[in-house]
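**Q** My questions will all concern the structure given below.
The values are calculated or read from the model by the stated rules, or taken from the named source; none is laboratory data. Given the structure is predicted, the values throughout are model-derived calculations rather than measurements. Note that we place each Cβ from the backbone using ideal geometry, even for glycine, and neighbour counts take in every protein chain shown. The accessibility values were calculated without ligands, DNA or RNA, using every heavy atom of the protein model including side chains. Shrake-Rupley method; radii C 1.70, N 1.55, O 1.52, S 1.80 Å.
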Protein chains: 2
Amino acid sequence: MTSTLGFAILSVLARGDRTGYDLAAAMRRPVGYFWTAGHSQIHAELQKLLGAGLVGFEAEHGPGPRDRKVYHLTAEGTRALREWVTEPPRERPERDELVLKTYASWLAEPELVRRMFADQLAAHETRLAEYERHEASFGGPPAPGDPRFGNYATLRCGMGYERHRAEWCRWMLAQLGEG
Amino acid sequence: MTSTLGFAILSVLARGDRTGYDLAAAMRRPVGYFWTAGHSQIHAELQKLLGAGLVGFEAEHGPGPRDRKVYHLTAEGTRALREWVTEPPRERPERDELVLKTYASWLAEPELVRRMFADQLAAHETRLAEYERHEASFGGPPAPGDPRFGNYATLRCGMGYERHRAEWCRWMLAQLGEG
DNA sequence: CACAACTATGTCAGTTCTGACATAGTTGAT
DNA sequence: ATCAACTATGTCAGAACTGACATAGTTGTG
């Protein structure tokens with residue numbers, strides 16, 4: 001019944017109480033690397049989670065025309081999240097615009113395709129360097145019971161992904177003939 | 001104006017004329033590896049492409065209560081597709097349920113997490129073996145102007161992806177402590 | 001002091017996407 | 001002969017998602 005977005009929100013809330021605004025910020029970074037949502041969607045989903053009793057909030061007088069609401073997991077929310085975590089994931093990433101373009105790339109001018117992949121390669125290398133700097137700041141993997149383990153493990157996945165993508169881009173450039 | 005799904009359809013049609021049914025089959029395999037759509041969405045999108053003049057069709061008497069319609073690219077459709085191919089892709093995959101679960105995995109029983117990753121690893125190894133068998137059937141990379149190049153290049157991407165994922169699963173299992 | 005950026009909430013219209021429902025002829029296996 | 005699977009089209013309700021609009025106090029910079 002609860003959507004994956006709902007569990008994404010619960011995952012962030014499990015690390016500490018947040019406002020909807022803070023949740024939206026987390027949905028950009030670091031959660032945005034593997035799940036995204038705009039703030040309008042988050043406010044709507046919070047209403048559903050509230051209705052299902054998985055989260056609660058405390059209101060305080062805040063900036064803007066409305067109360068500031070700090071959301072927290074309920075006991076039931078924690079239980080639901082814990083159960084969801086180890087259920088086999090149904091979906092693997094199934095939409096990838098670059099791969100779709102590649103599927104149709106035989107139609108296009110090779111030089112333009114080459115440029116697109118060169119740009120992609122540069123972007124992947126930049127991102128990998130960022131991730132590596134970020135990884136260094138951890139100073140080794142946290143224990144699997146530590147919330148930081150989640151961040152570290154997803155970062156490692158991101159690093160592997162960037163390496164795989166960069167390698168594929170290099171392979172594509174070799175196929176297309178350099179320059 | 002045309003959605004990415006529209007271009008996915010045009011990409012399939014560029015390889016030969018198809019019915020909506022055939023397009024839906026292609027959207028499962030092989031296009032489904034990087035872009036998915038149900039047949040209801042495909043019929044709706046075909047109406048839009050028709051309205052935009054990017055595709056046309058020829059009707060013939062067919063099974064079922066309605067005519068069978070064989071769709072084809074128009075000259076304008078080919079032009080639009082060719083232009084789209086080398087425009088920089090805006091999106092990279094941004095929803096990955098397994099990674100989201102990993103982000104919250106510190107909450108769960110390590111043994112259950114371990115099992116989930118062992119299952120994932122097995123699935124990736126199976127898929128990689130399938131892809132490798134498929135790759136062997138190509139007998140080397142087609143030239144970049146050949147439609148089969150699109151299939152081959154996306155398959156290579158899939159192989160790299162499965163390898164990267166399997167490696168990450170193995171790393172996770174090592175972190176969690178084997179069995 | 002002015003102005004920008006940030007904090008913080010929400011609505012709303014429109015698009016996309018999913019899954020179920022509906023219909024009906026052809027083909028192949030037992 | 002019967003039955004299942006396949007070919008082939010489409011609708012529809014509802015959920016998910018995007019991007020714009022709306023409001024307004026606080027904080028920091030020049």
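**Q** Scan the helices (runs of 4 or more DSSP H) fully inside the range B:1-71 and keep the ones with 3 or more residues being at the interface with another protein chain (Cβ under 10 Å from one of its Cβ atoms). First the steps, then the outcome.
**A** On the way: elements: B:4-13, B:20-26, B:39-51.
Per the criteria, B:4-13.
**Q** For the range B:60-80, name all the residues that are open to solvent by 30 Å² or more (accessible area, probe 1.4 Å), within 12 Å of DNA strand C (Cβ to nearest atom) and small (Gly, Ala, Ser).
**A** B:Gly64 - this is the single residue of the range B:60-80 that is open to solvent by 30 Å² or more (accessible area, probe 1.4 Å), within 12 Å of DNA strand C (Cβ to nearest atom) and small (Gly, Ala, Ser).
**Q** Shifting gears a bit: From the list B:Glu109, B:Glu167, B:Glu135, B:Glu162, exactly one residue is in contact with a Lys or Arg (Cβ under 8 Å, 6 or more places away or on another chain), closer than 27 Å to A:Tyr33 by Cα and of a type outside the set (A, V, I, L, M). Which is it?
**A** On the way: B:Glu109 fails: in contact with a Lys or Arg (Cβ under 8 Å, 6 or more places away or on another chain); B:Glu167 fails: in contact with a Lys or Arg (Cβ under 8 Å, 6 or more places away or on another chain); B:Glu135 fails: closer than 27 Å to A:Tyr33 by Cα.
Answer to the selection: B:Glu162.
**Q** While we're here: Pick from the range B:93-140 the residues that are at the interface with another protein chain (Cβ under 7 Å from one of its Cβ atoms) and of a type in the set (Val, Ile, Thr): which of them is surrounded by the most Cβ atoms within 10 Å (Cβ to Cβ)?
**A** My answer is B:Thr102.
Condition check ((1) touching a Ser or Thr at 6+ places or on another chain (Cβ under 9 Å); (2) at pLDDT below 95) across all residues:
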| position | (1), (2) |
| --- | --- |
| B:Trp35 | yes, no |
| B:Gly38 | no, no |
| B:Leu46 | no, no |
| B:Leu50 | no, no |
| B:Gly53 | yes, no |
| B:Pro63 | no, yes |
| B:Arg82 | no, no |
| B:Arg95 | yes, no |
| B:Ala122 | no, no |
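**Q** Hey, another quick one. Restricting the search to the range B:132-179, which residues are of a type in the set (D, E, K, R) and assigned to a helix (DSSP H, G or I)?
**A** Taking the range B:132-179 first, the residues of a type in the set (D, E, K, R) are B:132-133, B:135, B:146, B:148, B:156, B:162-163, B:165, B:167, B:170, B:178.
Matches in the range B:132-179: B:Glu132, B:Arg133, B:Glu135, B:Arg148, B:Arg156, B:Glu162, B:Arg163, B:Arg165, B:Glu167, B:Arg170.
**Q** I've got another one for you. Output the number of residues of the range B:143-179 satisfying the condition of being more than 18 Å from the chain's Cα centre (by Cα), within 26 Å of A:Gln175 (Cα to Cα) and open to solvent by 30 Å² or more (accessible area, probe 1.4 Å).
**A** Number satisfying all stated conditions: 5.
**Q** Test A:Ala122 against the stated conditions and say whether it is small (Gly, Ala, Ser) and under 22 Å from B:Thr154 (Cα atoms).
**A** Numbers: small (Gly, Ala, Ser): yes; under 22 Å from B:Thr154 (Cα atoms): yes.
Judged against the criteria, A:Ala122 is a match.
**Q** While we're on this one: Check the range B:77-84 and report whether any residue there is of a type in the set (Phe, Trp, Tyr), facing chain A (nearest Cβ under 7 Å) and not in a strand (DSSP E or B). Please lay out each step first, then the result.
**A** Applying the first criterion (of a type in the set (Phe, Trp, Tyr)) to the range B:77-84 yields B:84.
Subsequent filtering for residues that are facing chain A (nearest Cβ under 7 Å) retains none.
The answer is no; no qualifying residue exists.
**Q** Something else now. Look at B:Arg15 and say whether it is within 21 Å of B:Asp96 (Cα to Cα), open to solvent by 20 Å² or more (accessible area, probe 1.4 Å) and more than 14 Å from DNA strand C (Cβ to nearest atom).
**A** Working: within 21 Å of B:Asp96 (Cα to Cα): no; open to solvent by 20 Å² or more (accessible area, probe 1.4 Å): yes; more than 14 Å from DNA strand C (Cβ to nearest atom): yes.
Here the answer is no, as B:Arg15 does not meet what is asked.
**Q** List pairs: first residue in the range B:42-59 and away from DNA strand C (no atom under 14 Å from the Cβ), second residue open to solvent by less than 50 Å² (accessible area, probe 1.4 Å) and part of a strand (DSSP E or B) anywhere in the structure, Cβ distance under 7 angstrom, at least six positions apart or on different chains.
**A** If the second residue must be open to solvent by less than 50 Å² (accessible area, probe 1.4 Å) and part of a strand (DSSP E or B), the pairs left are B:Val55/B:Tyr71; B:Val55/B:Leu73; B:Phe57/B:Val70; B:Phe57/B:Tyr71; B:Glu58/B:Val70.
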